[in-house]
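Below: one structure, written as structure tokens.
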Amino acid sequence: MNAHPILIACSTCRTSMIEGGGDAAGWSIFFLLVVILSMLGGICFFMFRIARREKENFDPLLSDDLSSTSTQH
């Protein structure tokens, strides 16, 4: 395999990237970071919302009494 075309292709891509704006990789990383952080924020929001609703509607009669079971062993 000849390494010369690989070197030409890499310099061609680099030159076209610089002439075409050069910040495409940076903007794509920033965009993906925003997408990931918004997804994590949405998941955290709904987890806290579920936990808060569960705490508000908790029925103590349906819970296990852990203090009595730990003393029996």
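Here are some notes:
- Qualifying residue in the stretch 6-23 (condition: of a type in the set (Gly, Ala, Ser), outside any loop (DSSP other than H, G, I, E, B) and modelled with pLDDT of 75 or more): no
- Flag for Phe46 being outside any helix (DSSP H, G or I) and either touching a Pro at 6+ places or on another chain (Cβ under 9 Å) or modelled with pLDDT of 80 or more (or both): no
The values are calculated or read from the model by the stated rules, or taken from the named source; none is laboratory data. All of these numbers come straight from a predicted model, not from anything done at the bench. Positions of Cβ are backbone-derived with ideal geometry, glycine not excepted, and every protein chain shown enters the neighbour counts.
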